[in-house]
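The values are calculated or read from the model by the stated rules, or taken from the named source; none is laboratory data. Everything numeric here is computed off the predicted structure, so don't read it as measured data. Because the Cβ atoms are built from the backbone with ideal geometry, glycine has one as well, and the counts that use them run over all protein chains shown. What goes into the accessible areas is simple: the full protein's heavy atoms, side chains included, and nothing from ligands, DNA or RNA. Shrake-Rupley method; radii C 1.70, N 1.55, O 1.52, S 1.80 Å.
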Amino acid sequence: MQYITSTIENCFRRFGCDGKGVYFPTKNEWMQAIKDSGYVMAENLFGSCKAI
């Protein structure tokens, strides 16, 4: 749940009225917000720990 809210917050801050002023974020902008939330890094870390 933390990563979902962080993704939405990052997207609105970076691309919304506080950022670039984009009305509807594109798929690429959402993907960047997901990466910025730390979700991808956490999943990679979890996957490497799970393999051990």
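Taking each residue of the stretch 31-45 that is of a type in the set (S, T, N, Q) and looking for partners that are part of a helix (DSSP H, G or I) with beta-carbon atoms closer than 7 Å, six or more apart or interchain, yields 37/3; 37/6; 37/7; 37/10. Looking at the stretch 1-15 only, could you name the residues that are open to solvent by 40 Å² or more (accessible area, probe 1.4 Å), outside any loop (DSSP other than H, G, I, E, B) and not hydroxyl-bearing (Ser, Thr, Tyr)? Selection gives 2, 4, 8, 9, 10, 12, 13, 14.
Taking residue 18, is it of a type outside the set (S, T, N, Q) and either assigned to a helix (DSSP H, G or I) or modelled with pLDDT of 85 or more (or both)? Against the criterion (of a type outside the set (S, T, N, Q) and either assigned to a helix (DSSP H, G or I) or modelled with pLDDT of 85 or more (or both)), residue 18 does not qualify.
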